[in-house]
Amino acid sequence: AHEPLVLGIETSCDETGIGIVRGRTLLSNTIASSMDEHSRYGGVVPEVAARAHLEALQPSIEAALAEAGSALDLDGPLALTDLDAIAVTSGPGLAGALMVGVGAAKALAVSLDKPLYAVNHLVGHIAADILDAEAGPLEYPTVALLVSGGHTSLLLVRDLTTDVELLGETMDDAAGEAFDKVARILGLPYPGGPEIDRAAVGADPTAIRFPRGLSRASDMEKHRYDFSFSGLKTAVARWIEQQPLRQAQEPDVEWTVPVGEVAASFREAVVDVLVTKALDACARHDVPRLLLGGGVIANRRLREVAIERAAAAGVTVRIPPLSLCTDNGAMIAALASELIMSGRRPSTLAFGADSTLPV
Ligand code: KG4
Ligand code: ZN
């Protein structure tokens, strides 16, 4: 089959990602992040992200074309005119941020007279796995757990291009967002995930029993595959607030917040509920495969627990390289490439950015 040369644009959150693929082969994956600009606010500021995308797009596209040029052994950068299609994330994500990418993609497609594919960001995360050359082809069906600062979703993938079903998602904070908020409570910098991972090293994860959201028997009917992390965040804050009480009970002991134990115990609560629900979905749908994606996959404990418990349950875990797990343009190009190879027609120009686009 013809392997389409596709350029993908991803601007749904704070990463400006431009990726180029040929068929299932990754040619370039450039990522410009505005994370530094958001760090003093403790979270992604939508207007700041949108402006940063606008500034980063042009240089990122040029860098991606240069990278693809060397990957293809050309004398210079790949020419835009050589592309077979343009792909862009149309949602879900931050509306203003998405709009910048969608506008740029339409402008490119119209001026180059190339087909344009609007794709779903979450399905894109799954498509990232296709570019993992060492992993072999993606087998179906598979359960996918996507965890980042913007989303926490559990999906059942029967076919990437035609049949992706959302089983559940977070009812409040995303998993990464919970890491960021708890880090803030602990006085650790943003983004909080890596900080908490570091603080937890060597600390006892069973020191404090924090709640596992939506895990009661009474939650199973409506929210079996859904997540909730805001109660957990509140529990951490409460636990720390009670510090003066503990101090009063033991006046001779100089009491400070045991950051390591809180971090390790909090992380354990998040990891436990993520892995438990993902493997429950595998068991109940009789699916022996679990695909992980999203920036929170960088979490060492999450990888460890997922691999360990999946093995015990007879489930194979796939984790693409981190550069493909975090938001990127290559996964968007990869999904469009699959759509093209499966015969899907391009999108018309009528689509717009859709911050709540369903899978
Ligand atoms: O996928 P990503 O790079 O961007 C989006 O959110 O879309 O994910 C970033 C999120 C942040 O919330 C960050 O705190 C979290 O992933 N994260 C982690 C770790 N590294 C990054 N969370 C837990 N443990 C980590 N090691
Ligand atoms: Zn994402």
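Worth pointing out:
- Within the listed set S70, S33, S337, the Gaussian network model of the chain (springs between alpha-carbon atoms below 10 Å) gives the highest mean-square fluctuation for S70.
- Between helix 46-71 and the chain there is an angle of about 50 degrees, using the helix long axis and the longest principal axis of the Cα atoms.
- This ranking places D219, D113 by how few other beta-carbon atoms lie within 10 Å of each, fewest first, which gives D113, D219.
- Sites excluded, GluC sites (Glu not before Pro) in DSSP loops with at most 14 other C-beta within 10 Å, longest stretch of the chain: 1-138
- Under 20 Å from the Cα of K233 - lysines, other chains or at least 8 residues apart: K181, K277
- Share, in percent, of DSSP beta bridges within the chain that are antiparallel, nearest 5: 60 percent
- Between 0 and 90°, nearest 10: helix 175-185 axis offset from the chain longest Cα axis: 50 degrees
- By the count of other C-beta atoms within 10 Å, a proxy for reagent exposure, D173, D272 are ordered fewest to most as D272, D173.
- Radius 15 Å from Cβ of G91, net charge of other residues (Lys, Arg +1; Asp, Glu -1): -3
- Of the trypsin sites (Lys or Arg not before Pro) found in segment 146-223, those in coil by DSSP whose Cβ has at most 12 other Cβ atoms within 10 Å are R209, R216.
- Cross-link partners of K106 among lysines (Cα-Cα below 24 Å; sequence separation of 8 or more within a chain): K114
- With the helix formula -39500 (n - 2.57) applied to DSSP H stretches of n ≥ 4, the chain reaches a computed 222 nm mean residue ellipticity of -13500 deg cm²/dmol.
- The residue list G202, H53, L7 was ranked by how far each Cα lies along the charge dipole of the chain toward its positive end, using unit charges on Cβ atoms, and G202 comes out on top.
- Taking the C-alpha atoms only, the angle from helix 95-112 to the longest principal axis of the chain is near 20 degrees.
- Amide hydrogen neighbours beyond the local backbone of Y117, cut-off 5 Å, H modeled: I86, A87, V88, S347
Each reported figure results from applying straightforward, stated rules to the coordinates on display, with no laboratory input. Not measured: the values here are computed from a predicted model. Ideal geometry is used to build each Cβ from the backbone, glycine not excepted, and the neighbour counts take in all protein chains shown.
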